[in-house]
Each structure stands twice: as C-alpha cells, then as structure tokens.
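S.K.: Please find one structure pasted underneath; my questions will follow.
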Amino acid sequence: MRLLKHLLPVLLLVVGSLALAGGGQQTGDAAAKKEREKIAQLKKAYEKAKATHIAKPKDQKVKKGFVDAATLYARTVMFAPSLAPKEKYPEALRVYREVLKADPKNREAKDSIQTIESIYTSMGRPIPK
C-alpha cells in the first residue's frame, strides 16, 4: 500500500503528460488541417482568377486580381508549416513564375523565385522547371 501511495503521483504525472502530448498532437493536427483548408480555398481563388485572366488578358483590373490571388496563394504555400518542402517549393515557384509573366516588375515574385532557387542550389538539387 505504501508503494502505491508513492507511485500514484508519478503515475498521475505520466498519464497527464501522455494526455497532454496526445492533446498537443491533436491540436497540431487540427491546425494543419485548418491550414490545408485555407490553402485549398486560396488555390480555388487563384485558379478562378487565372481562368478570368486567360479569358481577358488585356483587362488591367482582371490582371491585378490574378496577380493578387496568385501571390497570396504562392506566399501561403511557400510558408506553410503543414506542407513538406517537396510540396510547397515547387508549387510556390510555379505560381510565382506565372505572376512574373503577368507582372514582370513584381518584386515579391522576383525575390521569392530567387529565394526558392537558392534553396535548391544550396541543396545541390536541380531547380524545378
């Protein structure tokens, strides 16, 4: 009985720690799920803006809408902790390149492309086309 009396606080501490660790994982999983849902929404908005821009390439308002939607989507993907580097960097690079085609002076696209390409170079990996 004395042993149980001494072990009970330790056992409660271990059980509590395991519960917190599990809860933390669930919280992390929930945050990752929420982030992926946000990315999916931004991707839809980007694809819609892209389709409109393709249909009306000379409309400056449409072009601005595409550049804004694409930039927001690319930035969110690039910095998303829930995405693995092999997922986020090629996608962000592809979208930033589209932004640069529509708006060749876009500073964020230029800087982000340079950053992603330098990441690939520093790892000795080929830069995605």
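The values are calculated or read from the model by the stated rules, or taken from the named source; none is laboratory data. Just so it is clear, the structure is predicted and the values come from calculations on it, not from any experiment. Cβ: placed from backbone, ideal geometry, glycine included. Neighbour counts: every protein chain shown.
S.K.: So which residues in region 60-93 are within 22 Å of Gly28 (Cβ to Cβ) and surrounded by fewer than 15 Cβ atoms within 10 Å (Cβ to Cβ), if there are any at all?
M.R.: Of everything in region 60-93, those that are within 22 Å of Gly28 (Cβ to Cβ) and surrounded by fewer than 15 Cβ atoms within 10 Å (Cβ to Cβ) turn out to be Phe79, Pro81, Ala84, Pro85, Lys86, Glu87.
S.K.: Moving on to the next point. Sort out which residues of region 95-107 are touching a residue at least 24 places away in the same chain (Cβ under 8 Å) and either over 16 Å from Val77 (Cβ atoms) or surrounded by fewer than 16 Cβ atoms within 10 Å (Cβ to Cβ) (or both), and write them in order of number.
M.R.: Selection gives Ala102, Asp103, Asn106.
S.K.: Note down all Cβ pairs under 7 Å where the first residue falls in region 32-44 and is at pLDDT below 95, the second is polar (S, T, N, Q) and not in a helix (DSSP H, G or I), and they're at least six residues apart or on different chains.
M.R.: Ala32/Ser82; Glu35/Ser82; Arg36/Ser82
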